Every structure is written in C-alpha cells, then in structure tokens.
Amino acid sequence: MPDVLIMRHGEAAPGAPDAARRLTSHGEQEAEKMARWLVKRVVDGELAMPRLYASPYVRAQQTARQLCDALGCSLETLAMITPDDSPNAVSDWLLEQPDGAPIMLVSHMPLVGDLAGLLVEGSPAQGIGFPTAAIAELEAEVWAAGCAQLKRFTQPSQLS
C-alpha cells in the first residue's frame, strides 16, 4: 500500500462561515515552508511524488495549492475530509485506493488527529495534536484501525 501523508492546513484567520476562512500571511508562510521541504524530499528521492487531495474548505485548498504549485502535481478535492467528517469513512476510502504513489490529504482538526489516531492506535480518541501545517507520514500494509505506523511527524517550526 502507498504511504499516507496527513497534513493540517496552515494557520487560518477567524471568521464565518467556517468553510470560507482563509490562510493568514503566517499560514501562507507555513504552507510555503512545508512545500519547499516536500520538494527537496521528492528531488532527493526520499519521497515519491504524492497524489494530493484537499478538503473543499478555502484554507485547505490554499495550503494544497501551494504544495501543488511547488511540486508540479495536480490537486483533487475530496469532499469527505472536512473538519467533522468521519475518520472511519476516510479509512474505508483509503482501502479502496490503488497501490502506487503516496496519498497526501490536506485537511483540518479534528479530522486529521482523529484519522491518525484511528489508523495508528485503533481509536480516533487516541488521536494526536496537529499544529498548523504539520504533516504525519504513515505506512501500513492495510489502512484499517490500528494497522498503521507513524513514520515521521514534521511541523514548520522544525524546519529552517
């Protein structure tokens, strides 16, 4: 199975409706920093070019667009990865994906934390906190509850 990278969008401004919230300038810088880091890893052969999916919410689309522009890859919108969507439904979707390139999901809390908790620990309640623009890299033989391992967790503040 391909690895899965789960990313939280960059810092977003407050506002309503929630789906229309935009990245702050700091959030744009976070996304840019993570995009540069991913490009270096792809160029160095450390990471295969991912298939990129993002929530339809504006801040996730903005974050993902920066990644796509830097990596030169396409972006697909995945309606089922908004903040309050089911991590179980995303796990089921992952099971249906063909082998090949890594899958990268750009989404929101609490879904990103709940999904990581479900896949690694077997329970969404065991999720991890995701700072803005952080990326969790998981590997698994099968994308089912408790079957994944956390390979790496990287956040913008760790990068120069």
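The values are calculated or read from the model by the stated rules, or taken from the named source; none is laboratory data. Computed from a predicted model, the values in this text were never measured in an experiment. Note: ideal-geometry Cβ built from the backbone for every residue, glycine included; neighbour counts use all protein chains shown.
Values computed for the structure shown
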{"read-out": "Any hit, the stretch 41-55, residues being at pLDDT 95 or above and under 16 Å from residue 155 (Cα atoms)", "value": "yes"}
{"read-out": "Residue 139, sole failed condition from (1) more than 24 Å from residue 10 (Cβ to Cβ); (2) modelled with pLDDT of 95 or more; (3) in a helix (DSSP H, G or I); (4) of a type outside the set (Phe, Trp, Tyr)", "value": "(3)"}
{"read-out": "Count - residues of the stretch 1-27 that are buried (at least 18 other Cβ atoms within 10 Å of the Cβ) and closer than 17 Å to residue 55 by Cα", "value": "12"}
{"read-out": "Count - residues of the stretch 113-135 that are out of contact with any helix residue (DSSP H, G or I) (no Cβ under 7 Å at 6 or more places or on another chain), in a loop (DSSP other than H, G, I, E, B) and more than 29 Å from residue 29 (Cα to Cα)", "value": "1"}
{"read-out": "Hey, residue 36 over 14 Å from the mean Cα position of the chain (by Cα), without any contact (Cβ under 8 Å) to a residue 24 or more places away in the chain and either loosely packed, with under 15 Cβ neighbours inside 10 Å or within 16 Å of residue 159 (Cα to Cα) (or both) or not", "value": "no"}
{"read-out": "Residue that is nearest to the chain's Cα centre (by Cα), among those in the stretch 123-160 that are within 14 Å of residue 89 (Cα to Cα) and not hydrophobic (A, V, I, L, M, F, W, C)", "value": "124"}
{"read-out": "Which numbered condition residue 31 misses (of (1) hydrophobic (A, V, I, L, M, F, W, C); (2) surrounded by 20 or more Cβ atoms within 10 Å (Cβ to Cβ); (3) out of contact with any Gly (no Cβ under 7 Å at 6 or more places or on another chain))", "value": "(3)"}
{"read-out": "Residues within the stretch 110-138 that are exposed (fewer than 15 other Cβ atoms within 10 Å of the Cβ) and of a type in the set (Asp, Glu), tallied", "value": "0"}
{"read-out": "Flag for residue 19 being in a helix (DSSP H, G or I), under 15 Å from the mean Cα position of the chain (by Cα), more than 17 Å from residue 101 (Cα to Cα) and touching a residue at least 40 places away in the same chain (Cβ under 8 Å)", "value": "no"}
{"read-out": "Selection status of residue 75, crowded, with 17+ Cβ neighbours inside 10 Å and either without any contact (Cβ under 8 Å) to a residue 40 or more places away in the chain or of a type in the set (Lys, Arg) (or both)", "value": "yes"}
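Condition check ((1) under 26 Å from residue 19 (Cβ atoms); (2) modelled with pLDDT of 95 or more) across all residues:
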| site | (1), (2) |
| --- | --- |
| 75 | yes, yes |
| 89 | yes, yes |
| 93 | yes, yes |
| 101 | no, no |
| 118 | yes, yes |
| 127 | yes, no |
| 153 | no, yes |
